[in-house]
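Structure first, then comments.
The values are calculated or read from the model by the stated rules, or taken from the named source; none is laboratory data. The structure displayed is predicted, hence computed values, not measured ones. In this analysis, Cβ positions are derived from the backbone assuming ideal geometry, glycine residues included, and neighbour counts consider all displayed protein chains.
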Amino acid sequence: MTDIIAWLIGWGGLFNRAHRLALAYRRRHPAAAVVDAYGVPDVPERVHWDSDFAREVGVPGAYDYGPQRVSWFGHLMTNWIGDDGFLRVLDVQVRRFNLVGDTTWIRGVVTDKFTRQGKFLVACDLWAENQRGEITAQGKAEAELPSRHG
């Protein structure tokens, strides 16, 4: 949960605002709020930290943010290509929920090496896999790497 909150602070999110900003947003967009068990309007993003609310919408429990998982793929690729590489393409599809408490591994494999317009590139297939062996996201990446020959 701490990882989700830390990521959300950096990302910003659409609905998560505090105090005066939250009130102003809800006044402009009253349908954006969901009333909680205490009768207080709250953000629909509660599904990410409130397991009871997540179950109300049909999910077994609180779950991660899809864009957060996409950022993990970017992290995998940029760590792998290093400071002299450049991530040209990252295309990820989130397919299943990552429930809070799940372990997720972000994995990839190089599928092709090629040159285009004088640049040395690799294509990769990527996927996120949980402890149950389920693929929760999958994607493709293309990275430019320095060449030993160039």
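Arg17 falls short on exactly one of the conditions (1) part of a loop (DSSP other than H, G, I, E, B); (2) assigned by TED's automatic domain parsing to the domain that holds Thr115, and that condition is (2). Just a yes or no: is a residue in region 51-72 at pLDDT 95 or above, assigned to a strand (DSSP E or B) and more than 30 Å from Arg20 (Cα to Cα)? No, there is no match, as no residue in region 51-72 is at pLDDT 95 or above, assigned to a strand (DSSP E or B) and more than 30 Å from Arg20 (Cα to Cα).
Go through region 92-129 and give me each residue that's farther than 30 Å from Phe53 by Cα and not hydrophobic (A, V, I, L, M, F, W, C). Lay out the reasoning, then the answer.
Here is the first cut: in region 92-129, the residues farther than 30 Å from Phe53 by Cα are 107-126.
Passing the criteria: Arg107, Gly108, Thr111, Asp112, Lys113, Thr115, Arg116, Gln117, Gly118, Lys119, Asp125.
Just to verify a result, which residue in region 1-14, among those that are of a type in the set (Gly, Ala, Ser) and in a helix (DSSP H, G or I), is surrounded by the most Cβ atoms within 10 Å (Cβ to Cβ)? I'd like the intermediate steps shown before the answer.
Of all residues in region 1-14, those of a type in the set (Gly, Ala, Ser) come to 6, 10, 12-13.
Subsequent filtering for residues that are in a helix (DSSP H, G or I) retains 6, 10.
Working: Ala6: 11, Gly10: 9.
Filtering first and then ranking leaves Ala6.
Residues of region 40-63 that are touching a helix residue (DSSP H, G or I) at 6+ places or on another chain (Cβ under 9 Å), of a type in the set (A, V, I, L, M, F, W, C) and closer than 22 Å to Arg26 by Cα: Val43, Val47, Trp49, Phe53, Ala54, Val57. Out of all the residues in region 41-61, is one or more in the same structural domain as Leu126 (by TED's automatic domain parsing), under 15 Å from the mean Cα position of the chain (by Cα) and over 30 Å from Pro146 (Cβ atoms)? Scanning region 41-61, I find no residue that is in the same structural domain as Leu126 (by TED's automatic domain parsing), under 15 Å from the mean Cα position of the chain (by Cα) and over 30 Å from Pro146 (Cβ atoms), so the answer is no.
I need the full set of residues from region 53-68 which are surrounded by fewer than 19 Cβ atoms within 10 Å (Cβ to Cβ) and either touching a residue at least 12 places away in the same chain (Cβ under 8 Å) or touching a Gly at 6+ places or on another chain (Cβ under 9 Å) (or both), in order please. Explain how you work it out, then say what you get.
Our first condition is that a residue be surrounded by fewer than 19 Cβ atoms within 10 Å (Cβ to Cβ); within region 53-68, this holds for 55-61, 65-68.
Hits for region 53-68 are Arg55, Val59, Pro60, Gly61, Tyr65, Gly66, Pro67, Gln68.
The single residue among Gly85, Gly101 that is on the phi > 0 side of the Ramachandran plot and either crowded, with 18+ Cβ neighbours inside 10 Å or touching a residue at least 12 places away in the same chain (Cβ under 8 Å) (or both) turns out to be Gly101.
For region 100-150, which residues satisfy the criterion of being part of a strand (DSSP E or B) and more than 16 Å from Phe73 (Cβ to Cβ)? Reasoning before the result, please.
At the first step, the residues of region 100-150 found to be part of a strand (DSSP E or B) are 104-116, 119-130, 135-144.
Answer for region 100-150, where residues must be part of a strand (DSSP E or B) and more than 16 Å from Phe73 (Cβ to Cβ): Asp112, Lys113, Phe114, Thr115, Arg116, Lys119, Phe120, Leu121, Glu144.
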